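Handing you a structure now.
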C-alpha cells in the first residue's frame, strides 16, 4: 500500500489569495522529502511501554532505511536537483533546485499568489506526482508552498514599558513556588521564526535582574538566516524568561523560515539534536488548524509529520510546551472558535494565560486585557486523548459541539514583562511568556529529580492534579473583541487556563512520590 497520499499533501490557496503570476523559473528553492520508517514500522506509544532511545533512531531501527533515502536522492539527481541534506533519524532528504526543475520533477506548475494582507507567496493547485518507485517510500513533500505559517503569540510586540511596575520572571517563579535549583545540566530549546535577537538587549535585561546573561547557541535550519536588525521581541522574550527562571540551563535557539517546511525542519532539528540534547522545548508560535470555516490551514501530511516528531520527543524524554495564542477563542478569525497548532497537538503541553486581578497582589484571573488567552477544542485533527478523560473537558462551543483534544493543559502569568528590545524597555504581554516559563520549571524539576520528566500530560491530569499541585483559575473568559464564541473559566479544567497554574514544589513532591 502506497504511503504517499497526494490529497494529504495538497493545500488550497490561502483564503482570499489570488493567483497573480507564474513562479520565477530560475528561483532556487529547497524541497524537504520525508520518508517512511524502516520497514514501514509504526512508532510505539511511549506512555505504554519502554521509550526508545536516540541510538535506535540513529541506527535506522526506527529511522529511515538508507536505501530509501538513496532512492530519493537518485530521483532528485535525475531531475537536476542537488542533495543538501539526508538524515536517517529525521527521515528526510533536502533537495535544492530551480522552480523549473522542481516543477518538472513533481509534475506540477508553481505560481505566485497575493493575499489581501499584502503577503505574496509561492504555491500550487496541482497534485504532487511521484514515480511508483517512490510512492511506497515517501510520506510527504514540503517546501513547494511557502506561505507564512507562524505567528508570534505576543500581544504587543514592542510598545512602551508599563508605567506601573510589573513582576519579573524570577518573581513569578517564586510566586509559583519553583524549586530552588538553577537548571544546571539541562538544555532548553526555543523554536523561533523571523528575525533574531540583539545580544546587547539580553545583557541589559539580565543586568537589571543581577543575573549573568545566557549566551544562547544558535541553530539555523532550512536556509534560515535571521537578522537582529530589527531585533525580534518574541525571541528576546523567550530567552529572557527561560534564561532568568533557569539561569544554569543552556539555551539553544532554532531558527527556521515561518513556513510549513520551516515547522518540520525546526521541530525535527530540535528533537533530533544529539549534540545539544534538549530536555525541554518551548514554542511561542502557532497557526490556526483552520484557515477559514472548514478549510485546513495545514496539510494533513505536515500535521502528521510534526505530531510524529513530538511523539519522538516523548521517547527521548523531551517535554514540549506551546503557547495557545493571544487573540482569544477565535485566534484572530471571526465567526467561530479556533485553536492553534501546535498547541492542539496531544504530544504537546499547551499553555494558556492569566493576569493579576486589579487591586490584588497576585490573585489570578484569565488573561483578557490587551489581548486574550487562546483555548478551546480541536475541531479538526485530534480526538480527546486518554489522559483528558474524566477531567471535565468540554465539547466544542462551535455548532455541532464536537469532542476533541482540549486546549490548554496549564497556564501561567501572561500579562507581560518589561523586557529590552532595540535598547528600549518594552512591554511584552502574551502566552508567549508562559511556554518558556513552564520549560524553565521543567529544567528545574529535571535537575532536582535527577531524571527527565519527558511527556508530562498523563501525570499532569493524574498524580499532579490529584496532589493539588495546580491552582485552578475560575474567573474570566477568552472573549476577544466579541468576534467569536468563547469559553468561560470555572472549577477544574477549563478552555481558558486548563488545569491552572503551577505550584512547583508540590509538583516536585508529587513526582518524587510517583
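Could you please let me know if residue 297 is surrounded by 22 or more Cβ atoms within 10 Å (Cβ to Cβ), at pLDDT below 95, more than 27 Å from residue 496 (Cβ to Cβ) and not assigned by TED's automatic domain parsing to the domain that holds residue 16?
No, not satisfied.
Tell me which of these residue 301 doesn't satisfy, since it passes every other one: (1) within 25 Å of residue 252 (Cβ to Cβ); (2) in contact with a strand residue (DSSP E or B) (Cβ under 9 Å, 6 or more places away or on another chain); (3) not in a strand (DSSP E or B).
The number of the failed condition is (1).
So, of the residues in region 431-450 that are farther than 28 Å from residue 151 by Cα and either touching a residue at least 12 places away in the same chain (Cβ under 8 Å) or not assigned by TED's automatic domain parsing to the domain that holds residue 187 (or both), which turns out to be surrounded by the most Cβ atoms within 10 Å (Cβ to Cβ)?
Applying the filter and picking the extreme gives 445.
Further question on the same structure: Step by step: first the residues of region 347-383, then only those that are crowded, with 23+ Cβ neighbours inside 10 Å and within 13 Å of the chain's Cα centre (by Cα), then the one that is farthest from residue 492 (Cα to Cα). Which residue is that?
Per the stated criteria, the residue is 348.
Another one. Where in region 7-101 are there strands (runs of 3 or more DSSP E), lying fully within it, with 1 or more residues that are under 26 Å from the mean Cα position of the chain (by Cα) and modelled with pLDDT of 95 or more? I'd like the intermediate steps shown before the answer.
On the way: elements: 18-22, 28-35, 82-87, 92-98.
Of the strands (runs of 3 or more DSSP E) lying wholly inside region 7-101, those with at least 1 residues that are under 26 Å from the mean Cα position of the chain (by Cα) and modelled with pLDDT of 95 or more span 28-35, 82-87, 92-98.
For region 228-245, name all the residues that are touching a strand residue (DSSP E or B) at 6+ places or on another chain (Cβ under 7 Å) and either under 9 Å from residue 436 (Cβ atoms) or assigned to a helix (DSSP H, G or I) (or both).
Hits for region 228-245 are 233, 234, 235, 236, 237, 238, 239, 240, 242, 243.
Working carefully through the options 63, 53, find the one that is in contact with a helix residue (DSSP H, G or I) (Cβ under 9 Å, 6 or more places away or on another chain) and surrounded by 21 or more Cβ atoms within 10 Å (Cβ to Cβ).
63
Quick check: anything in region 265-272 modelled with pLDDT under 95, out of contact with any helix residue (DSSP H, G or I) (no Cβ under 6 Å at 6 or more places or on another chain) and under 18 Å from residue 150 (Cβ atoms)?
Looking through region 265-272, none of the residues is modelled with pLDDT under 95, out of contact with any helix residue (DSSP H, G or I) (no Cβ under 6 Å at 6 or more places or on another chain) and under 18 Å from residue 150 (Cβ atoms).
Yes/no matrix, rows are residues, columns are (1) surrounded by 24 or more Cβ atoms within 10 Å (Cβ to Cβ); (2) within 16 Å of the chain's Cα centre (by Cα); (3) on the phi > 0 side of the Ramachandran plot; (4) not assigned by TED's automatic domain parsing to the domain that holds residue 406:
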site: 220; (1), (2), (3), (4): no, no, no, no
site: 223; (1), (2), (3), (4): no, no, yes, no
site: 230; (1), (2), (3), (4): no, no, no, no
site: 241; (1), (2), (3), (4): yes, no, no, no
site: 246; (1), (2), (3), (4): yes, no, no, no
site: 255; (1), (2), (3), (4): yes, yes, no, no
site: 270; (1), (2), (3), (4): yes, yes, no, no
site: 274; (1), (2), (3), (4): no, no, no, no
site: 282; (1), (2), (3), (4): yes, yes, no, no
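With the checklist (1) surrounded by fewer than 18 Cβ atoms within 10 Å (Cβ to Cβ); (2) in a loop (DSSP other than H, G, I, E, B); (3) at pLDDT below 95 in hand, flag the one item residue 184 doesn't pass.
With respect to (1) surrounded by fewer than 18 Cβ atoms within 10 Å (Cβ to Cβ); (2) in a loop (DSSP other than H, G, I, E, B); (3) at pLDDT below 95, residue 184 is out only on (3).
The values are calculated or read from the model by the stated rules, or taken from the named source; none is laboratory data. Keep in mind it's a predicted model, so treat the numbers as computed, not measured. Note: ideal-geometry Cβ built from the backbone for every residue, glycine included; neighbour counts use all protein chains shown.
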